[in-house]
Amino acid sequence: MEEESDTRKINNSFLRDHNYATEADIISTVEFNSTGELLATGDKGGRVVVFQREQESKTQPHRRGEYNVYSTFQSHEPEFDYLKSLEIEEKINKIKWLPQQNAAYFLLSTNDKTVKLWKISERDKRPEGYNLKDEDGRFRDPSTITTLRVPVLQPMDLMVEATARRVFSNAHTYHINSISVNSDLQTFISTDDLRVNLWNLEITDRSFNIVDIKPANMEELTEVITSAEFHPQQCHTFAYSSSKGSIRLCDMRQAALCDKHCKYFEEPEDPSTRSFFSEIISSISDVKFSHNGRYLMTRDYLTVKVWDLQMENKPLETYQVHDYLRGKLCSLYENDCIFDKFECVWNGSDSVIMTGSYNNFFRMFDRNTKRDVTLEASRENSKPRAILKPRKVCVGGKRRKDEISVDSLDFSKKILHTTWHPHENIIAVAATNNLYIFQDKVN
Amino acid sequence: MFPKGTKRKFSDSGEEAVCGGGGGGDQGPSAAPAPSPSPAAARTLSSSYSLQRQSLLDMSLIKLQLCHMLVEPNLCRSVLIANTVRQIQEEMTQDGTWQIMTQALAAAQCPADRLVATEVLCRQTEAAAQEGYHSEEVVMDGDAEAEVAMSSLSPVSPQLSSASYLAGADSRTGEQVFGTFEIKHPAPPSDPALEELFSDVDPSYYDLDTVLTGMQSTPKMGPYDLLESLSSHGPTALSSSTTCRSDLNELDHIMEIIVGS
């Protein structure tokens, strides 16, 4: 897929030195809204930055709807849990948009413990001509008021405000890893390592626990929940993935506590590749339903798999993301990279899937043509508006000129978070503290 | 970093290998070739493979210890590392090297290896119990983070083995009951460097034990203490641990009633 690149660098800190990346600026999640008009990013410092696509203008056709900063706000603050003497990180783990129902935009953002519903609204008028107040807000002396007038709305510079409308807290003992809005637009689930809780968007003081895999004796714990998502159309169905490489599909109509799955997806292990790391690399880091609701995609350490919801015993398709790492699992275990949680994403028509890798590489797989491409998100290697060159990792033997050998990969540059525009071929890729937005080449 | 070992020959013994066939897909140190089941075969294991396996075990135990020292351990990571340790331990038990190692450890004294296992959460559990905090979260959290289920077969303690069913939700690996590591009560450390490092912290709060076994004791222990404890565990330790654990379970139960969940 040919692309032109359009780079946005986010650096909200006061330091303008681009060589120095503060940890708070590390982007921890990216998400387009349901129309693709808005793109939200969350970072380690608890901030949310929302970008809005420019209206396409006839006078500047080459600037086809670029994304500009629309709103920035501090979603979560660092907290201290006095009871446990533990700091609660303010890092935004996930953002999910609600479909737009009126002029305002709503999104859910979560850190390890608390989910918040934010309303983002525009204000471009303000009332002027109060009776009792001056223009600058000071109260007028009542004895000087001799006439009565009605305040009039006057235009003002556009102001975008974000207000926290709901705070859903105190329901999770463990760290929240995902949230998912139901297609009924009234409820959502929040998932931590051992439990899935169902909330109503209007009610913040109560949530229903619908999955609980905590064993009676914590010493027997061998499996945790890694991600959960609602089915895009069936409001009673959701799926959750585990650290043992399995996915369970649950129907909320069956019972109040969905401990019994109605479908269980797992691929039997290949004995020829078994090693001490087999379980770790089979741990699923992300699960996503396709837009049409017929497939599930899962990401584990080395592969992306597409599952047909009707077939539980093996995936429909398996794509190797970076199989050249299989021989390096021991070093990746030592430096903890083996625990990195990569996300995966569908394009709008479910024909292409994308996921990240190391060295700021990300991979796209076309499910129909079976072709795949590796691209790089880096400013050094691509100029703005230049078409991205496919990259290749050489696994041994002779290295061609522009190939990279496995040993020179930079494992600190990982692309964990990516998102795809719901209708168009526009993708957003987070590379540490940089956000890259790529669009399909016009004409 | 691990030396890149030579790939061990696949021993086609026709036995059902715990770790599957020859490490076909893996190169170097990550390969886990088919283990031989008999103790005699232990001697035929290539020394590089055992070295690599031992290094992996050491590294995993240290990671687990460090996990517990973190302000809030990442549960997923801890569980995955603990499962890896279990796998290694299972394989080593099968080929008889486990016994050898634990005996060697018991003989050697390695105070320098002791790391302090923090556990703020242990302090939490005690505090919660004493101050009567009625928060189910706290109690469970105390359990929770303490978990990182380090398990092993404990031949001395049949009641423990039966009590701790490791009925993995994952029937694929068919992992059998492990039982539980008995955490020994180690002697206080004599290492001055360690003392200095943790001088401002009240040692009685650190106890991986406290939550796992419900007992209160001084906590400092190193990675190998977890292994050492295997052979030498006393039924006394067991029974009090069961009692304390059941106390915690009762507390849990009471909390559930009060909280009405």
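The values are calculated or read from the model by the stated rules, or taken from the named source; none is laboratory data. Quick caveat, the model's predicted, so the values are computed rather than measured. Cβ placement follows ideal geometry from the backbone for every residue including glycine, while neighbour counts extend to all protein chains displayed. In case anyone asks, the SASA skips ligands and DNA or RNA and just uses the protein heavy atoms, side chains included. Shrake-Rupley method; radii C 1.70, N 1.55, O 1.52, S 1.80 Å.
Exposure check, 1.4 Å probe, all protein chains in place: B:Leu51 carries approximately 120 Å² of accessible surface.
Of the chymotrypsin sites (Phe, Trp or Tyr not before Pro) found in region A:293-357, no site is in coil according to DSSP while having at most 15 other Cβ atoms within 10 Å of its Cβ. Chains B and A together bury some 5200 Å² of accessible area, summed over both sides, with a 1.4 Å probe.
Enter the accessible area of A:Ile88 (Å², nearest 10), with the probe set to 1.4 Å and all protein chains included. Probe radius 1.4 Å; accessible area of A:Ile88 about 20 Å².
Residue by residue along A:208-219, Cβ atoms of other protein chains within 10 Å of the local Cβ number 5 on average. Only protein heavy atoms count here; under a 1.4 Å probe, B:Ser50 has an accessible surface of about 40 Å². Rounded to the nearest 500, the 222 nm mean residue ellipticity of chain A from helices alone is -500 deg cm²/dmol, with -39,500 (n - 2.57) taken per DSSP H run of at least 4 residues.
Qualifying chymotrypsin sites (Phe, Trp or Tyr not before Pro) in region A:25-102, where qualification requires a DSSP coil assignment and no more than 11 other C-beta atoms within 10 Å, comprise A:Tyr82. As an exercise, identify the GluC sites (Glu not before Pro) in region A:351-443 lying in DSSP coil whose Cβ has no more than 11 other Cβ atoms within 10 Å. Those satisfying the criteria are A:Glu380. Remark: for residue pairs A:Lys113/A:Lys370; A:Lys96/A:Lys260; A:Lys116/A:Lys414; A:Lys214/A:Lys341; A:Lys263/A:Lys392, the C-alpha separation exceeds 30 Å in A:Lys113/A:Lys370; A:Lys263/A:Lys392. A 1.4 Å probe over all protein chains sorts A:Met297, B:Met101 by accessible area into B:Met101, A:Met297, starting with the largest.
Accessible surface of region B:42-109, 1.4 Å probe: 63 percent of it comes from carbon and sulfur atoms. If every alpha-carbon in region A:296-392 counts as one equal scatterer, what log10 I(q)/I(0) does Debye give at q = 0.17, 0.18 1/Å? The calculated log intensity ratios at q = 0.17, 0.18 Å⁻¹ are -0.85, -0.93. At a Cβ-Cβ separation cutoff of 4.7 angstrom, cysteine residues of chain A with no neighbouring cysteine are A:Cys235, A:Cys262, A:Cys330, A:Cys337, A:Cys344, A:Cys394.
Rounded, prolate or oblate: which one fits region A:46-136, using the alpha carbon gyration tensor with axes a ≥ b ≥ c (rounded when a/c is under 1.5, else prolate when a/b beats b/c, else oblate)? Since a/c reaches 1.5 but b/c is at least a/b, the shape of region A:46-136 is classed as oblate.
Each 20 Å bin from 0 upward holds the following percent of the Cα-Cα pairs of chain A: 23, 55, 18, 4, 0. Burial of accessible area (probe 1.4 Å, heavy atoms of protein chains only) in region A:262-283, relative to its chain alone, reaches at least 50 Å² for A:Arg274, A:Phe276, A:Glu279. Per Stokes-Einstein, at 37 °C and 0.692 mPa s, what whole-number D in µm² s⁻¹ belongs to region B:42-109, with the Kirkwood radius over Cα pairs as the hydrodynamic radius? Once the numbers are plugged in, D ends up at 251 µm²/s.
The 3J(HN,Hα) values that the Karplus relation (6.51, -1.76, 1.60; θ = phi - 60°) gives for region A:394-409 are, in residue order, 8, 9, x, x, 6, 9, 6, 3, 9, 8, 10, 8, 4, 6, 9, 5 Hz. Gly and Pro appear as x.
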